[in-house]
1. Count of lysine pairs in the chain with Cα atoms under 15 Å apart, counting only pairs 8 or more residues apart in sequence or on different chains?
2. Please list, ordered by chain and number, the residues whose modelled amide H lies under 5 Å from the amide H of residue 11; skip anything fewer than 5 residues away on the same chain.
3. Hey, can you grab everything whose amide H is under 5 Å from the amide H of residue 27? Only 5+ residues off in sequence or another chain; H modelled, so Pro and N-termini drop out.
4. Calculate one ³J(HN,Hα) per residue across the stretch 12-21 by plugging θ = phi - 60° into the Karplus curve 6.51 cos²θ - 1.76 cosθ + 1.60, and present them in order as whole Hz with x for glycine and proline.
5. Starting at the first residue of the stretch 25-40, write each ³J(HN,Hα) from the Karplus equation 6.51 cos²θ - 1.76 cosθ + 1.60 with θ = phi - 60°, in whole Hz, x for Gly and Pro.
6. In whole Hz, what ³J(HN,Hα) sequence does the stretch 46-58 give by Karplus (6.51, -1.76, 1.60; θ = phi - 60°), x for Gly and Pro?
7. If you roll a 1.4 Å probe over the chain with all protein chains in place, what percent of the accessible area is carbon or sulfur?
8. Please compute the per residue accessible area over the chain with all protein chains in place, 1.4 Å probe, rounded to a whole number of Å².
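The values are calculated or read from the model by the stated rules, or taken from the named source; none is laboratory data. Every value quoted in this text rests on a predicted model; they were computed, and no experiment measured them. Neighbour counts run over all protein chains shown; Cβ positions are idealised from the backbone, glycine included. Protein only, heavy atoms only, side chains kept; ligands, DNA and RNA dropped before computing areas. Shrake-Rupley method; radii C 1.70, N 1.55, O 1.52, S 1.80 Å.
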Amino acid sequence: MPKVEIASESCKSCGYCVRFCPKEVLSVGERVNSKGYEYVVPRNIDACVACKMCAVMCPEAAIEIYK
Ligand code: SF4
Ligand code: SF4
């Protein structure tokens, strides 16, 4: 199963990864990082197909995908 690693401290909560994930794996969480942004969490990791779209779209390079 793929693994999605999100560097919560780098996330700016822009939502690009959430919008562009074809499988609706990601969503903005309720917890905030030290900069006050609600960072993204993988809510539905079982659906991830490791396409890396989220990682490519992230302007902060906060996402790593491992197959
Ligand atoms: S790798 Fe693809 S399927 Fe997995 S979370 Fe990222 S965009 Fe969604
Ligand atoms: S694209 Fe990057 S910075 Fe934007 S919400 Fe997703 S993880 Fe956070």
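1. 6
2. It is none; the list stays empty.
3. 41, 43
4. Per-residue couplings from phi come out as 10, 6, 6, x, 4, 5, 4, 5, 8, 5 Hz.
5. Calculated HN-Hα couplings, in order: 7, 9, 8, 6, x, 8, 8, 10, 8, 5, 8, x, 8, 6, 7, 7 Hz.
6. Per-residue couplings from phi come out as 4, 8, 5, 10, 6, 6, 6, 4, 4, 5, 5, 6, 5 Hz.
7. 50
8. Working: 4350 Å² over 67 residues.
On a per-residue basis, 65 Å².
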